[in-house]
1. What pairs come out if I take residues in the range 209-230 that are under 11 Å from D245 (Cα atoms) and pair them with residues that are modelled with pLDDT of 95 or more and of a type in the set (K, R) whose C-beta lies under 8 Å away, six or more apart or interchain?
2. Would you pick out the residues in the range 228-255 that are surrounded by fewer than 22 Cβ atoms within 10 Å (Cβ to Cβ), in a loop (DSSP other than H, G, I, E, B) and not hydroxyl-bearing (S, T, Y)?
3. Only one of these is acidic (D, E), touching a helix residue (DSSP H, G or I) at 6+ places or on another chain (Cβ under 8 Å) and closer than 16 Å to M267 by Cβ: D118, D109, D103. Name it.
4. Do we find a residue being touching a Lys or Arg at 6+ places or on another chain (Cβ under 6 Å), outside the structural domain of Y252 (by TED's automatic domain parsing), more than 24 Å from K18 (Cα to Cα) and surrounded by fewer than 21 Cβ atoms within 10 Å (Cβ to Cβ) anywhere in the range 106-119?
5. Check T264, T232, T214 and return the single one that is hydroxyl-bearing (S, T, Y) and out of contact with any strand residue (DSSP E or B) (no Cβ under 9 Å at 6 or more places or on another chain).
6. Within the range 12-49, count every residue that is surrounded by 16 or more Cβ atoms within 10 Å (Cβ to Cβ) and either under 19 Å from the mean Cα position of the chain (by Cα) or farther than 21 Å from T64 by Cβ (or both).
7. Grab the helices (runs of 4 or more DSSP H) fully contained in the range 127-227, keeping just those with 2 or more residues being farther than 16 Å from T254 by Cβ.
8. Out of all the residues in the range 109-134, which are touching a residue at least 40 places away in the same chain (Cβ under 8 Å) and on the phi > 0 side of the Ramachandran plot?
Amino acid sequence: MQIIDGKKISAEVKDEVKARMERLKSQGKEGSLAVIQVGDDPASSIYVRNKARACEYCGIGNITSKLDASSTEEELLALIDAYNKDPDIIGILVQLPLPPQMDEEHVIDAIALDKDVDGFSKKSVGALCIGSSGLRSCTPAGVMELLKRYHIQIDGKNCVVVGRSNIVGKPMAMMLLNENGTVTVAHSHTENLKEICRQADILVASVGKAHFITADYVKEGAVVIDVGINRTEDGHLQGDVDFDDVKEHASYITPVPGGVGPMTIAMLMNNCAQSLENRK
């Protein structure tokens, strides 16, 4: 069994982005990520600070805009429109969740396609579905990067994704499919879930339930990727996979924390660099 080290790989990705940004700067190309936060949700504030730190390390400009929780959707859309038109902005990210008076789908779809560094808009997801180039959703893209850097074959393998969210489950399935995996998407209504999971050469858990995946869900020698982040009452992080129960059955496994989590911001930085490189 080998533990997949997301901290190590995320550091490698950020170092590569830093080198790309230095090269682009030498060519006269620079740009900033615009992060918009609505309200003062403590978890959102932590994520926004972490993104600012990553931008600083990678040599990407960072602009953080904060709107009051009572702001209207029109005010948010006006700010997005201004950033869409600003040539110095290479990426726009709206920190979720949004207050109830705002339609998340409408807001995300207002972001220009070439600046959608979260990869959440309908156009970005559509490009992924048909296999065309574009900016990819960061968490599943991070999973793909981990598989690639650990030389784990996807082509021809049985891949099971447990979870069908728009942010992880669905794009994860499409990315595996685009790499010629044979993909099953399982969810809360799936019958015989354990049996289906036990067929997986690559099992991706994005359920949102702590320690949901136990050893009896895992085929001997499977690659187990844990996307879950669940916080216990005492503040500890737990994955969707019962790591201690599963680890002896897996060939490769990601821990929580230190597995997929660090890859999300690393791939966001990668998307920002890609957005700048795509500029004519």
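1. D216/K194; D216/R198; Y217/K194; Y217/R198; V218/R198
2. Going residue by residue through the range 228-255, those that are surrounded by fewer than 22 Cβ atoms within 10 Å (Cβ to Cβ) are 229-238, 242-245, 247-249, 251-252, 255.
Pick out the ones that are also in a loop (DSSP other than H, G, I, E, B) and you get 229, 232-236, 242, 247-249, 255.
Correct list: I229, E233, D234, G235, H236, D242, K247, E248, H249, P255.
3. Details: D109 fails: closer than 16 Å to M267 by Cβ; D103 fails: closer than 16 Å to M267 by Cβ.
So the residue among D118, D109, D103 that is acidic (D, E), touching a helix residue (DSSP H, G or I) at 6+ places or on another chain (Cβ under 8 Å) and closer than 16 Å to M267 by Cβ is D118.
4. yes
5. Working: T232 fails: out of contact with any strand residue (DSSP E or B) (no Cβ under 9 Å at 6 or more places or on another chain); T214 fails: out of contact with any strand residue (DSSP E or B) (no Cβ under 9 Å at 6 or more places or on another chain).
The match here is T264.
6. Number of matching residues: 13.
7. Numbers: elements: 138-149, 169-178, 193-197.
By residue number, 169-178, 193-197.
8. Within the range 109-134, the first condition is being touching a residue at least 40 places away in the same chain (Cβ under 8 Å), and the residues that meet it are 114-115, 117-120, 125, 128-129, 131.
Of everything in the range 109-134, those that are touching a residue at least 40 places away in the same chain (Cβ under 8 Å) and on the phi > 0 side of the Ramachandran plot turn out to be G119, G131.
The values are calculated or read from the model by the stated rules, or taken from the named source; none is laboratory data. This one's a predicted model, so the numbers in the text were calculated from it and none came from an experiment. Cβ atoms come from the backbone with ideal geometry, glycine included; neighbour counts cover every protein chain shown.
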